[in-house]
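The structure appears right after this line, and notes come after that.
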Amino acid sequence: MRRTTSRREDRGAVRAGLEQAVNDGRSRTEIRRWLNRAEEVTHGGATAEENDLIRAAVDALLRLERAVGVPTPREPTFNERKALQKVERLLGDLAQQKARGIRGIAARQRNQLTQAAQQASSWLTDHQRSQVQTWQAAPTLSAPMPRDPRLPLPGRPPRVPFAASQPESFDAARLADGVRDVLEHAARLGKTVTFTSLCAQVKGLGELTESDQVQVLRRVKPTARPRSPKPQRPALLTALITDEAGTMHPLYRRLADHAGHYLPQQADGVWTNTVEILHDRYRNP
């Protein structure tokens, strides 16, 4: 009886999720994900209400794919882009603090993060919004944060420590080569790679902070060239990195923005096209 109730609740949750995705005008990826789940849970037979919802979702998906009635997303303003960069920098700093055992957030950092997140709200990813909310709810540090021993004291020249006492560093170039090898192999197979799988295949990548991971991924350069002499939109090999759901990884927006390929708010179509370009470049003749 409990198993039957659980299935019914799951079916109701899927129906509610699909209905919300359609009504809110979510991205193609999210609508398609809920649609696939709805088709799975109704495989044994759908009600009339569920059939109507599935048809509405299919229609919405077609409209998005044909870009019918979808306004062209605007580009972020200069101030919005600066605010987004500030959010990314603050989140990176906080991630490094957390890696050093500092679990709280300074009041100054919280105010800066809140203001920057409000200004860049339209351009934040779901992952970034979640991180911002987590840090906003974190305890406030009552004392000054411990100084990073790697940083020089104010007013003093930096002291060069003995080689034996230097913190263990990472070889960004070596890691970038490893990442490129994994991604190019996936491109030849016409596939993508989840970030979890990438970290499992490239030793040491998963142990870095998010800021250092971004540093490594920025070094990844594709070896394949466009097949056509016609100009093509630049394609970062790191577009093949996905989240666990197989959709664009949140880090890709940061990598694309750094490379000057500023993505629109709804970037699913641009990202999908980039993946297709990479697969075409690496496929066997």
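Any residue that is assigned to a loop (DSSP other than H, G, I, E, B), at pLDDT 85 or above and not assigned by TED's automatic domain parsing to the domain that holds Glu30 - is there at least one of those in the stretch 105-128? It would help to see each step written out before you state the result.
Applying the first criterion (assigned to a loop (DSSP other than H, G, I, E, B)) to the stretch 105-128 yields 106, 120, 124-125.
Now drop any that are not at pLDDT 85 or above, which leaves 106.
Within this subset, residues satisfying the condition of being not assigned by TED's automatic domain parsing to the domain that holds Glu30 are 106.
Yes, the stretch 105-128 contains a residue that is assigned to a loop (DSSP other than H, G, I, E, B), at pLDDT 85 or above and not assigned by TED's automatic domain parsing to the domain that holds Glu30.
How many residues are free of Cβ contacts under 8 Å to residues at least 60 places away in the same chain and assigned to a loop (DSSP other than H, G, I, E, B) if we restrict to the stretch 247-267? If you could, list the steps in order and put the result at the bottom.
First pass over the stretch 247-267, keeping only residues free of Cβ contacts under 8 Å to residues at least 60 places away in the same chain: 249, 251-252, 255-256, 258-261, 263, 267.
Adding the requirement that they be assigned to a loop (DSSP other than H, G, I, E, B) leaves 249, 259-261, 263, 267.
Final tally of qualifying residues: 6.
Where residues in the stretch 181-227 are assigned to a helix (DSSP H, G or I), over 18 Å from the mean Cα position of the chain (by Cα) and touching a residue at least 40 places away in the same chain (Cβ under 8 Å), which of them is surrounded by the fewest Cβ atoms within 10 Å (Cβ to Cβ)?
Arg188
Output the residues belonging to the stretch 123-142 that are surrounded by 12 or more Cβ atoms within 10 Å (Cβ to Cβ) and more than 22 Å from Asp212 (Cα to Cα).
Residues satisfying the conditions are Trp123, Gln136, Ala138, Leu141.
Can you tell me which residue within the stretch 60-77, out of those that are surrounded by 11 or more Cβ atoms within 10 Å (Cβ to Cβ) and not hydrophobic (A, V, I, L, M, F, W, C), is modelled with the lowest pLDDT?
If we take residues in the stretch 60-77 being surrounded by 11 or more Cβ atoms within 10 Å (Cβ to Cβ) and not hydrophobic (A, V, I, L, M, F, W, C), then Pro73 is modelled with the lowest pLDDT.
How do the pairs read when you match residues in the stretch 115-139 that are under 16 Å from Lys82 (Cα atoms) with residues anywhere that are basic (Lys, Arg), using Cβ under 7 Å and keeping only pairs 6 or more apart or on different chains?
Close Cβ pairs (under 7 Å, with a partner that is basic (Lys, Arg)) amount to Ala116/Lys86; Thr125/Arg253.
The values are calculated or read from the model by the stated rules, or taken from the named source; none is laboratory data. Remember, predicted model here, so these are calculated numbers, not experimental data. A quick note on method: Cβ atoms are made from the backbone with ideal geometry, for glycine too, and the neighbour counts reach across all protein chains shown.
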